[in-house]
Amino acid sequence: MEVNKKLIEKCKEYDKYSFMKLYNMYEKYLYSLCFNYVQNPHDALDMVQEIYIKVFKNIDKFDTEMPFHPWIRKISVNTCLNFTRTIKNNVVSMNVCINDIDGEVTLGDTFVSEEDVLDEVINLETKSIIKKYLTEMPEEYRMVIVLRYYEELSYNEIAELIGRPLGTIKTEIYRAKAILKKKLEKVMEVNK
């Protein structure tokens with residue numbers, strides 16, 4: 001989903017059509033990134049809007065010789081981190097949504113076996129539990145988990161993006177996974 005230089009140049013000239021095209025190209029990606037971080041659709045939408053305001057204000061600083069995707073992702077991650085810092089003392093609500101790629105719940109027209117339904121319910125319940133525990137984690141752990149497992153970035157990419165040493169990123173991911181494992185083991189024990 002790389003943006004061509006011509007589109008960026010038009011955005012730098014504050015061409016509304018070009019900026020809307022850019023918005024449409026990245027809207028779902030940014031919403032997904034923000035939602036995976038905050039677990040709240042309203043906050044995620046607010047963050048996407050904030051990201052686009054920052055992109056619009058800073059597009060003239062973007063070097064068109066560089067790829068656009070890492071630049072907008074960096075703005076997005078920083079916006080997510082800033083969002084968490086501003087509400088650190090507040091409880092973040094968690095709304096679990098079951099969405100397809102377009103953000104809409106869809107039902108297929110095919111028949112499904114009971115085993116498939118049961119597997120899907122267990123899978124959704126597990127994802128819901130993981131997302132719940134993710135929102136309870138310290139922000140540095142939550143961010144590295146989202147970037148590693150939802151955005152599928154390498155440890156090096158995460159370290160570069162966040163601006164922390166590689167060893168710190170590895171430690172944070174290890175500790176976050178240990179926290180999740182411990183909490184999931186408790187849930188599994190209760191459900192036995």
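Quick notes on this one:
- Residues in the range 33-49 that are in a helix (DSSP H, G or I) and surrounded by 18 or more Cβ atoms within 10 Å (Cβ to Cβ): Leu33, Cys34, Phe35, Asn36, Tyr37, Val38, Asp43, Ala44, Met47, Val48.
- Helices (runs of 4 or more DSSP H) within the range 137-192 that include 1 or more residues over 21 Å from Leu33 (Cα atoms), of a type outside the set (Asp, Glu) and at pLDDT 85 or above: 166-190
- Whichever residue in the range 53-89 is among the aromatic types (Phe, Trp, Tyr) and crowded, with 19+ Cβ neighbours inside 10 Å and, among such residues, is modelled with the lowest pLDDT: Phe83
- Taking residues in the range 51-77 that are within 17 Å of Phe19 (Cβ to Cβ) and not assigned by TED's automatic domain parsing to the domain that holds Ile162, and partners anywhere that are modelled with pLDDT of 90 or more and of a type in the set (Lys, Arg), the pairs with Cβ atoms closer than 8 Å and at least 6 places apart or on different chains are Ile75/Lys54.
Results for (1) under 18 Å from Leu161 (Cβ atoms); (2) over 14 Å from the mean Cα position of the chain (by Cα); (3) assigned to a helix (DSSP H, G or I), shown as yes or no for each residue.
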{"position": "Lys10", "(1), (2), (3)": "no, yes, yes"}
{"position": "Tyr23", "(1), (2), (3)": "no, yes, yes"}
{"position": "Leu30", "(1), (2), (3)": "yes, no, yes"}
{"position": "Phe56", "(1), (2), (3)": "no, yes, yes"}
{"position": "Thr64", "(1), (2), (3)": "no, yes, no"}
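The values are calculated or read from the model by the stated rules, or taken from the named source; none is laboratory data. Keep in mind the model is a prediction, meaning the values are calculated, not measured. In this analysis, Cβ positions are derived from the backbone assuming ideal geometry, glycine residues included, and neighbour counts consider all displayed protein chains.
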